[in-house]
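All remarks here apply to the structure that follows.
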Amino acid sequence: MRNLLRRLARRHLALIFACGAILAGFQFLICAIVASIDMTSAAQQIIAFLPPVMQTVLAPLLAGATDAGMVAFGWNHPITHALGLAVAISLAARAIAGEVESGAIELVAAQPISRTTYVLAQVVFAISMIATIGGLGITATALGQRVFDLDPFPPQRLLLLLLTFISLQVAAFGITLAFSSFGREAGRVAFAGVLVALLSYLIQAIAALWPRAAWIGPYSLHFYYDPREVLVNGTFAASETLLLAGVFAAATAIALRRYQSRDLP
Amino acid sequence: MDGLAKNFGPVQALRGVSFSVEPGEVFGYLGPNGAGKTTTLRIVVGLVRATGGTVRLFGRSPQDPRSREQLGFLPGDLHLYGDLTARQLLDYFARFRPAQTPRQRAELIERLGLEVTVLPRRVKFLSHGTRQKLGLIVAMQHDPALLLLDEPSNGLDPLVQQSFREIVRDFASRGRSVLVSSHVLSEVEVICQRVAILRQGEIVALETIEQLRANVVRRLTVHFEKAVPEQLLKLDAVTRSETDGSTATLWVRGDLNPLLRALADARVQDFVFPEPDLEDIFLSYYRSAPVSNA
């Protein structure tokens, strides 16, 4: 397995480094922006200019526009999701379908390693890399809060956020890996993975903005990922993280079973 | 392997294929494109699962990764990691067998004429022939007990092909077994002791090269000084004949002594009787063998 991990690291180093650096830079930038604006008074001024009906609707939302709330929002920003998914989906799509497409799988699978070992190496590498870019982002948030004199989040909350971030991305990885185990082209598999992630994000957004559609929220992966609750309120729902981990485990089990039984290449 | 069968949906790719490769033997596996040669090799390596029959590799199932520890494999459609250098590629595949040092690597590099300057270059910048050499070294560098080669001379120039044949012979002389799948018949003829001919998923012949040669229908062209002797065309050894004036073309098989005696009695001006090659043998079997469920 060590041989496969070394190969994966060499192959994907550029992607991981780029995504990790951009995520860290983005989180650091969020801290810089938040430090340059008085978020609370800005929110109050916005509310004061709104008609009474709109004030009723938007006041609860804008009440969360604190410095800490905005920094937490950085972890739910589409850019953050896109970077995490870029790593999770590309690793999963290349893991099986990409190797089948390139033809290299024929020579690798003829070596004395089991197919289970091959898939496990992909999984271990993906989790490690998602944790790495998440860790870089979290470090950048902590560093940004110190550099720009923002109230720092307790380290425990940052670690719990990292855990939920990893859970969400590995769930996306697992689903895409399941597609990959059936596929022969990395591009099509990645497209399917992006589609699932996009759909999940949209379902969560619709459920959050439209009370009558709130019931669809639990059908989204993103429903179980709430950085604001973790960072600002210090609330960590272990069951929700476990649910994401369960999705990952089930999807990976499907991928493993399919890969063990399929003909190659 | 015994009674090996493989279906791809409604298509029967292999039907009851049975043979074994003995230690020290170079075994040829011949057939036209689509006959099932590559599918057979992929089943042996564990890439493809058989629909029926059994395959044992050193007493183990091909799905058992331990069965591949003493195996070297060169795919017919070779794809290597283009982002690695040639040396990194060889090291990568060598590390899958940490207990076996790639002891044959240096010798193979030299005998296949792989220039030292190639090793630090990325595989994607190498020619097709050089990549094929790398594929051969990947398959053979750990000196495996069984070597499976699918169309091994693809892209190799004639000089390197000659070296490759010598390498295979030396390999077998150390008690290693080699299974060569090919449609380059002259190559198999030179290096193999036994040959199986595959047609539409079925083995139509499994014999030594000598037996195959004995069974072949050979073409003899004779130019007589006068008319072609009639009794010549009625001999048992003559399976078919064509005459054109004083020239006779005879397709002959089996015991040729009666034919030679008949020719000795006639006034022969010239004759052409080329050495039979596997092409003739192959075509004889391929054209004549009946195929069930075809």
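The values are calculated or read from the model by the stated rules, or taken from the named source; none is laboratory data. Everything quoted here is computed from the prediction, not taken from an experiment. Neighbour counts run over all protein chains shown; Cβ positions are idealised from the backbone, glycine included.
For this structure, a couple of remarks:
- Any chance B:ALA214 is surrounded by 19 or more Cβ atoms within 10 Å (Cβ to Cβ) and under 30 Å from B:VAL188 (Cα atoms): no
- For the range A:97-107, a residue qualifies if it is crowded, with 18+ Cβ neighbours inside 10 Å and either of a type in the set (A, V, I, L, M) or at the interface with chain B (Cβ under 10 Å from one of its Cβ atoms) (or both), and the qualifying residues are A:ALA97, A:GLU99, A:VAL100, A:GLU101, A:ALA104, A:ILE105, A:GLU106, A:LEU107.
- Restricting attention to the range B:49-65 and to residues that are within 25 Å of the chain's Cα centre (by Cα) and surrounded by 18 or more Cβ atoms within 10 Å (Cβ to Cβ), the residue that is farthest from the other protein chains (Cβ to nearest Cβ) turns out to be B:VAL55.
- For the range A:223-265, residues that are in contact with a helix residue (DSSP H, G or I) (Cβ under 8 Å, 6 or more places away or on another chain), more than 23 Å from A:MET70 (Cβ to Cβ) and polar (S, T, N, Q) total 3.
- Residue in the range B:26-40 that is under 16 Å from B:LEU179 (Cα atoms) and without any contact (Cβ under 8 Å) to a residue 12 or more places away in the chain present: no
- The single residue among B:LEU148, B:LEU179, B:LEU185 that is touching a residue at least 12 places away in the same chain (Cβ under 8 Å), farther than 22 Å from B:GLU110 by Cβ, aliphatic (A, V, I, L, M) and surrounded by fewer than 21 Cβ atoms within 10 Å (Cβ to Cβ) turns out to be B:LEU185.
- Sole residue being buried (at least 22 other Cβ atoms within 10 Å of the Cβ) and part of a helix (DSSP H, G or I), chosen from A:LEU85, A:LEU158: A:LEU85
- Output for the range A:229-265, where each listed residue is within 14 Å of another protein chain (Cβ to nearest Cβ), assigned to a helix (DSSP H, G or I) and crowded, with 20+ Cβ neighbours inside 10 Å: A:TYR259
- In the range B:9-19, the count of residues that are under 30 Å from A:LEU8 (Cβ atoms), within 14 Å of chain A (Cβ to nearest Cβ) and buried (at least 19 other Cβ atoms within 10 Å of the Cβ) is zero.
- Here B:ARG131, B:ARG122, B:ARG68, B:ARG111 are screened, and the one residue that is more than 20 Å from A:SER102 (Cα to Cα) and either over 26 Å from the mean Cα position of the chain (by Cα) or within 12 Å of another protein chain (Cβ to nearest Cβ) (or both) is B:ARG68.
- Consider the range A:30-61 and keep the residues that are surrounded by 14 or more Cβ atoms within 10 Å (Cβ to Cβ) and of a type in the set (Gly, Ala, Ser). The one that is modelled with the lowest pLDDT is A:ALA59.
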